[in-house]
Structures are given as structure tokens and as C-alpha cells.
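Derivation of every value follows stated rules applied to the coordinates shown; laboratory data play no part. Fair warning: this is a prediction, and the values are worked out from it, not measured in the lab. Note that we place each Cβ from the backbone using ideal geometry, even for glycine, and neighbour counts take in every protein chain shown.
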Amino acid sequence: SKVNKRNGEWVAARLKPAEAFLLTDNVTMDTMQEFMIQRGEFLNHTRKNNHTGWGGCCTSHDNMIQQWHSIQGVWNLMVQSEQQILSKKAPGIDVHGPYYQQIGLFRTDTYQVTPVDIFDSDAALPNFSHAFGYNDRMFYGTRQNAAIWADRFAFSNIFETIYNPKEILTPRHGYHSETYLKYLMKHYKVPVEFKHICMWRIRTRGRLQGQDCLDLERHTLSPNMLEDAPPGFIYHGPQRKSNSCFINSTTSYDELQQSPAPLLTNGFGWCLVLV
């Protein structure tokens, strides 16, 4: 995996992308070469406007663009699955859907501390680590709102023209993930609801990022949150199942294990919970 010192990562660890198939067969993956073919022009353009607060360009910036690509990929995979499901239904039904009405998007490299009910909101975000914007680590809500949250690329021109002009410099100037997401959701008037939901990011070598959620009252009221953590993980910091999951292959599990191609991207993918 790539090392990002901003995340407290100093030693690289070997990724095992084939393990995604232990969760579901609905998986899509790209090599770095495939990623660059699709996003290289966009990546190079946005690097010129990277967020300088993240330090030198471009590890964190590139990770963000790869994250957006992963989100878009898993969304596209969901749409393909919908069309297959609908095509098997009675004649006369629109095969272009939609089939799924309530959707959750979750990072696969997180340990979910608190339970999530994806039916309880039209547009939910976790209420911590907003970094002057909106927390970008998960979302659930209606299909319409989820589609807006998931499509970061289409908003780029609007962002640069209206919200991030070069002549106006702010502490969060440039492509800063949380700020960008806040502009996106507000621009399309998505009724965001902040939820007391906590998840810990899993860093290289199985470190649970325990300082996540520190600004949540729920965190301090849950002293035994590690009791259900899988064995082998290291807690670093102060003290749900889905009925369908799509991970962002055309390659089989065995082929992936033997493949010499470097797989995308930065150690995390995205999973959709669909209803």
C-alpha cells in the first residue's frame, strides 16, 4: 500500500484486494493504469489546485481523487445490477429502474463502532471530523440524495467557478475533501442530517484509529466499544450487516491472487448497502 505520513503511516503493508470477495461477489476493481486512463486528465488538472494545507502535492490529493473514482465505480456497478434484476421481471417494467430506493455508502476500511439504521434519514452523515466541511466517510439516504453525494466529478466545474475562484483564498482553498462535499450538498440543497454514528478507520497493519469520533458525546459514553472488534487489531488513541453489498470484478478470486498488476488504489474501497 502507499504510505501517507499524514495518516501516521510510516511502513508500507501489502494489500490483499482478493479479500473483498469474502464479503460479496459484487466487486469491481481497477489497476492504476486503468485509473489513469479514465481520470488522468482530471487528476493533473486538479493537482494545480490542490489543498496546500495537506502539505506537498500530491499523496493526499491523489488519494482523494482515487476515493471519488472508487465511489463512482461502485455506484455504476449497482446500476448494472439493477438493470439485470429488472430485466428478469415482468414485461413492461422499465429496465432502467430504479430498483433500489434507500442506499448507504460505507468505506470498507472502517470498523463500525455504533449501529446504523439506513431507514432513519433521507440524507445522513456522521457528526464528527467535519474539518470545516462535511465528514466524507459515509452516507445513507434516499436514492436521489445518494446519487448527488456519490458523483463528485460532475461538480468540479461548478466548484471551481462559484465556490473556489483563484482570486479568493481561504484556509480551505483548493480541493479539500470535506469542504468540497459541503459545497456539493448545499449547492443541490440536500437536507443533510448529522447522526451520532461512529466508525474507526483501519490503518496499515491493523491499527484502529481510536481518536476518530472524539467529538461525539456517544463516544465517551461507550467504554466497551472494542469488545466486538475482530482479533488482531491494534487500538490507537484514547479510550451492520447489509442485505446487498457492492464493492468497488471482472476477475475471479483465484485470478486476483495470481495477478501481477498493481491494483487500485490507496487501500480502501466502498460498499453500498441497498434496500
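Close amide-amide hydrogen proximity is noted between GLU193 and ALA123, ALA124, LEU125, each under 5 Å apart and 5 or more residues distant or on a separate chain (H modeled in the peptide plane; Pro and chain starts excluded). Site pair ARG47 and PHE194 shows an inter-label distance of 3.6 nm when each label is modelled 7 Å from Cα along Cα→Cβ.
Other residues lying with their Cβ under 13 Å from the Cβ of THR108 contribute a combined charge of +2, Lys and Arg counting +1, Asp and Glu -1.
Fully extending the segment from PHE119 to ASP215 would add 32.1 nm, taking 0.36 nm per residue of separation and subtracting the current Cα-Cα distance. Loop-located chymotrypsin sites (Phe, Trp or Tyr not before Pro) in segment 95-145 (DSSP state other than H, G, I, E, B) with a sparse environment of at most 11 neighbouring Cβ atoms within 10 Å: PHE119, PHE132. Here the Karplus curve 6.51 cos²θ - 1.76 cosθ + 1.60, taken at θ = phi - 60°, turns the phi angles of segment 133-138 into couplings of x, 10, 3, 10, 8, 6 Hz, with x standing for Gly and Pro. If R0 equals 30 Å, the separation of the Cβ atoms of GLN83 and GLU160 corresponds to a calculated FRET efficiency of about 0.35. Note that segment 100-109 has calculated 3J(HN,Hα) couplings of 8, 10, 10, 9, x, 10, 9, 5, 7, 9 Hz, one per residue in order, obtained from phi through the Karplus relation 6.51 cos²θ - 1.76 cosθ + 1.60 (θ = phi - 60°); glycine and proline are x.
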